[in-house]
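The values are calculated or read from the model by the stated rules, or taken from the named source; none is laboratory data. As the structure is a computational prediction, the values presented were derived from the model and not from experiment. Glycine also receives a Cβ, built like all others from the backbone with ideal geometry; neighbour counts cover every protein chain displayed. Quick note on the areas: whole protein, heavy atoms, side chains included, nothing else; ligands and nucleic acids left out. Shrake-Rupley method; radii C 1.70, N 1.55, O 1.52, S 1.80 Å.
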Amino acid sequence: MILPIRVFGDPALRQTTEPVEHDSDELQALLDDMIETMRSANGIGLAAPQVGRSERLFVIDLAPMAAELEEEGETIPPQPMILINPEIEHASRDTCRMEEGCLSIPDVREMVQRPETVRLRYLDRDLEEQQIEAEGFLARVLQHEHDHLDGVLFTDYLSAFRKRLLRRQLRAMKEGNAEADYPLASDAEHAPA
Ligand code: ZN
């Protein structure tokens, strides 16, 4: 089932998430729905708060870019990836700048500085413990999605100057005037009255 995606300004995007305690049919259905939603929106990552859920998990699918990444010398694990209760155990002191976008902030792409490599511990779909060391593009996506679980958006890292340039666009989103070629949940429908 394709789930509507919450847009910048929706309080769901600013919540902190709750660790997953046990497996359930509901959990497995949510994971399937999130992968389907991400793919149908041509996204490469989707975190639970983006579909209005408070579970501490996200999904990633770099398959559409696999060839491109390989050409750049980056090897990626089998896709899609499911990360439940992820924790960043280590982040490099070296940082790099890369352009980011977000399904919850349509049509905005900005350069963001983040650690170059990270090591994460997480549970996979079977709730088995896993660890991953990532660099390059995968490290970038992991950090972006992990931030969503703490209510952090990539626009939070922008300079006051860049934020000012985006002010009108972001305000329009907050007011429910966002448009995308995938289903969005309008703020008005979901915000508490
Ligand atoms: Zn995002």
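Considering the alpha-carbon set of the range 11-175 alone, what are its Rg and its Dmax in angstrom?
Rg and Dmax of the range 11-175, Cα atoms, are 15.6, 46 Å.
Take the alpha-carbon centre of the range 1-51, take the same for the range 130-180, and report the distance between them in whole Å.
16 Å
Rounded to the nearest 0.05, what FRET efficiency do Arg97 and Ala67 have when you use their Cβ-Cβ distance and R0 = 22 Å?
Details: r = 24 Å, r/R0 = 1.08.
Given R0 = 22 Å and the Cβ-Cβ separation, E is 0.40.
Give me the accessible area of Ser54, 1.4 Å probe, in Å² rounded to the nearest 10.
Roll a 1.4 Å probe over it and Ser54 shows about 50 Å².
With θ set to phi - 60°, apply the Karplus curve 6.51 cos²θ - 1.76 cosθ + 1.60 along the range 125-131 and write out the HN-Hα couplings as whole Hz, x wherever there is a Gly or Pro.
Once rounded to whole Hz, the list reads 4, 8, 6, 8, 5, 9, 9.
Per residue, how much accessible surface does the chain expose to a 1.4 Å probe? Answer in Å², no decimals. Display every interim value, and only then the final one.
Details: 10340 Å² over 193 residues.
Per residue, the chain has an accessible area of 54 Å².
Could you give me the ³J(HN,Hα) list for the range 9-16, computed from phi with Karplus coefficients 6.51, -1.76, 1.60 and θ = phi - 60°, whole Hz, x at Gly and Pro?
After applying 6.51 cos²θ - 1.76 cosθ + 1.60, I find x, 6, x, 4, 6, 10, 6, 9 Hz.
Could you check how much of the accessible area of the chain is carbon and sulfur, as a whole percent, using a 1.4 Å probe?
45 percent
Expected output is a single nm value to one decimal: the length gained when fully extending between Ala160 and Thr75, i.e. 0.36 nm times separation in residues minus the C-alpha distance. What is it? Let's see the in-between values first.
Details: separation 85, 0.36 × 85 = 30.60 nm, distance 3.55 nm.
Here the segment from Ala160 to Thr75 would lengthen by 27.0 nm.
So who's got an amide H within less than 5 Å of the one on Arg6, skipping anything under 5 residues away but keeping other chains? H placed 1.01 Å off N, in plane.
Amide H neighbours of Arg6: Val51, Gly52, Ala185.
Quick one: what are the phi-derived ³J(HN,Hα) couplings along the range 89-97, Karplus 6.51/-1.76/1.60 with θ = phi - 60°, whole Hz, x for glycine and proline?
7, 8, 10, 5, 6, 5, 10, 8, 9
Quick check on the chain: helices-only [θ] at 222 nm, where DSSP H runs of length 4 and up contribute -39,500 (n - 2.57) each and the sum goes over total residues. Nearest 500, please.
On the way: 5 runs with 54 residues, N = 193.
Only helices count here, giving -8500 deg cm²/dmol.
Please list, ordered by chain and number, the residues whose modelled amide H lies under 5 Å from the amide H of Glu18; skip anything fewer than 5 residues away on the same chain.
Placed amide hydrogens put Glu55, Arg56 under 5 Å from Glu18.
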